[in-house]
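Undergrad: Before anything else, here's the structure in question.
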Amino acid sequence: MEREKVHYAELGLVNTKDMFQRAMVGKYAIPAYNFNNLEQLQAIITACVETGSPVIVQVSKGARSYANATMLRYMAMGAVKMAREMGSNIPICLHLDHGDSYELCQSCIDSGFSSVMIDGSHLPYDDNVALTQKVVAYARQYDVSVEAELGVLAGIEDEVSSEHSSYTKPEEVEDFVSQTGVDSLAISIGTSHGAYKFKLKPGESVPPLRFDILDECAKRIPGFPIVLHGASSVLQEYVAMINNYGGKLDGAVGVPEDQLRLAAASAVCKINIDSDGRLAFTAKIRECMALDPKEFDPRKYLGEARKELVRLVKHKNETVLGSAGKA
Ligand code: G3H
Ligand code: 13P
Ligand code: ZN
């Protein structure tokens, strides 16, 4: 049986245009939280409702096949309804994170996504332009937003993996944006994906992000929404909890929150956070398992993990992104 097509507006979702416009003027960033399962989605929505924050919930290719594409469509619709039943009108966008092909973007658009990323950052410049153009042409017909990327982040991200990062070249951004017609652009300024963002020798501290590159890009495309990937802070309280309860995350380190606050106040309109949520969730599950080894009801440990994720997302919205109260 073929999957039924649906437009995101029917699910109560919105694209990113208005969100980004307001974030640019208001000098904050829209949080983009990755999710894979019910409890993560419930936590993100609850926290964003409680803080009155607009939100982008995003799924990778891997997350979409984990959750099932059809299930995901109904989960997104359920998320919107849940927010409304909580008495909140926060804008919610469903976004494909790191789409790696035209076909995947098309399939997401056809199944209710309101925004897609086509990640051609690993391709030669002209191929990245051509692929992005093709996705934009399809997305335009449905008023779906498109994010693209210039420059390569280090780290592993599903099918998109890269051993070496390369910063975005500011001299390319203007041409790329005008040729492709994208709605936002992810750039590489020193972040990377995952929980091991920097290799630090004893006594060394995290190197600052390349704000000079960000400023140079913003100058060349004034008022255009910029996206920051790999923006987890790898909160050490969660790393310690994981390690205390039998985990092994040695040397996990992320982007300091004060740097993200600076980025959020700039032309960066979307900040992607996945690893921090994973760490909070895993830390709580490990703690529950260790403290109550007789328990085997998943609602007990997943429920605690969900509560912890609510706390984390509220903290991010209120003190890092500045998106609380902006819905
Ligand atoms: O940037 C990638 C996200 O963290 C998603 O990761 O492909 O393991 O779902 P994933
Ligand atoms: P983190 O691994 O830093 O959370 O980055 C997530 C991300 O960029 C998703 O696209
Ligand atoms: Zn990313």
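Undergrad: For the stretch 211-234, which positions are more than 16 Å from ligand 1 (Cβ to nearest atom) and either in contact with a Leu (Cβ under 6 Å, 6 or more places away or on another chain) or of a type in the set (A, V, I, L, M, F, W, C) (or both)?
TA: Answer for the stretch 211-234, where residues must be more than 16 Å from ligand 1 (Cβ to nearest atom) and either in contact with a Leu (Cβ under 6 Å, 6 or more places away or on another chain) or of a type in the set (A, V, I, L, M, F, W, C) (or both): Phe211, Ile213, Leu214, Cys217, Ala218, Ile221, Phe224, Ile226.
Undergrad: In the stretch 179-207, which residue that is within 21 Å of the chain's Cα centre (by Cα) and more than 25 Å from Val129 (Cα to Cα) is modelled with the lowest pLDDT?
TA: Step by step, filter the stretch 179-207, then rank; the result is Phe198.
Undergrad: Being within 10 Å of ligand 1 (Cβ to nearest atom), within 23 Å of Pro298 (Cβ to Cβ) and touching a helix residue (DSSP H, G or I) at 6+ places or on another chain (Cβ under 8 Å) is the filter here, so list the residues in the stretch 29-62 that pass it.
TA: Asn34, Phe35, Asn36, Val59
Undergrad: Against the definition (free of Cβ contacts under 8 Å to residues at least 24 places away in the same chain and either hydroxyl-bearing (Ser, Thr, Tyr) or away from ligand 3 (no atom under 16 Å from the Cβ) (or both)), how does Asp212 come out, yes or no?
TA: Considered against the rule, which asks whether it is free of Cβ contacts under 8 Å to residues at least 24 places away in the same chain and either hydroxyl-bearing (Ser, Thr, Tyr) or away from ligand 3 (no atom under 16 Å from the Cβ) (or both), Asp212 comes out as yes.
Undergrad: Give me a count of the residues in the stretch 271-301 that are part of a helix (DSSP H, G or I) and surrounded by fewer than 18 Cβ atoms within 10 Å (Cβ to Cβ).
TA: 6
Undergrad: Gly87 - would you say it is in a loop (DSSP other than H, G, I, E, B) and either within 16 Å of ligand 3 (Cβ to nearest atom) or in contact with a Cys (Cβ under 7 Å, 6 or more places away or on another chain) (or both)?
TA: Criteria not met by Gly87.
Undergrad: Do any residues in the stretch 56-73 that are within 14 Å of Gly99 (Cβ to Cβ) and of a type in the set (Lys, Arg) have Cβ atoms under 7 Å from those of residues that are more than 9 Å from ligand 1 (Cβ to nearest atom) and in a helix (DSSP H, G or I), where the two are at least six apart or on different chains, and which pairs are they?
TA: Note: pairs meeting the criteria are Lys61/Leu104; Arg64/Leu72.
Undergrad: Inspect the stretch 233-249 for any residue being β-branched (Val, Ile, Thr), away from ligand 3 (no atom under 16 Å from the Cβ) and within 28 Å of Asp175 (Cα to Cα) and give the result as yes or no.
TA: No, the stretch 233-249 contains no residue that is β-branched (Val, Ile, Thr), away from ligand 3 (no atom under 16 Å from the Cβ) and within 28 Å of Asp175 (Cα to Cα).
Undergrad: Test Pro256 against the stated conditions and say whether it is surrounded by fewer than 17 Cβ atoms within 10 Å (Cβ to Cβ), within 15 Å of ligand 2 (Cβ to nearest atom) and more than 19 Å from Val55 (Cα to Cα).
TA: yes
Undergrad: Next question. Residue by residue through the stretch 74-96, note down the ones that are without any contact (Cβ under 8 Å) to a residue 60 or more places away in the chain and either touching a strand residue (DSSP E or B) at 6+ places or on another chain (Cβ under 9 Å) or among the hydrophobic types (A, V, I, L, M, F, W, C) (or both).
TA: Once the filter is applied, which keeps residues that are without any contact (Cβ under 8 Å) to a residue 60 or more places away in the chain and either touching a strand residue (DSSP E or B) at 6+ places or on another chain (Cβ under 9 Å) or among the hydrophobic types (A, V, I, L, M, F, W, C) (or both), the stretch 74-96 yields Met75, Ala79, Met82, Ala83, Met86, Leu96.
Undergrad: Tell me whether the stretch 71-89 contains one or more residues that are within 16 Å of ligand 2 (Cβ to nearest atom) and touching a helix residue (DSSP H, G or I) at 6+ places or on another chain (Cβ under 7 Å).
TA: No, every residue in the stretch 71-89 fails to be within 16 Å of ligand 2 (Cβ to nearest atom) and touching a helix residue (DSSP H, G or I) at 6+ places or on another chain (Cβ under 7 Å).
Undergrad: Right, another one. Just to be sure before I move on: is Cys105 surrounded by 24 or more Cβ atoms within 10 Å (Cβ to Cβ) and part of a strand (DSSP E or B) in the structure I sent?
TA: no
The values are calculated or read from the model by the stated rules, or taken from the named source; none is laboratory data. All values reported here derive from a predicted model rather than from experimental measurement. We place every Cβ from the backbone using ideal geometry, glycine too, and count neighbours over all the protein chains shown.
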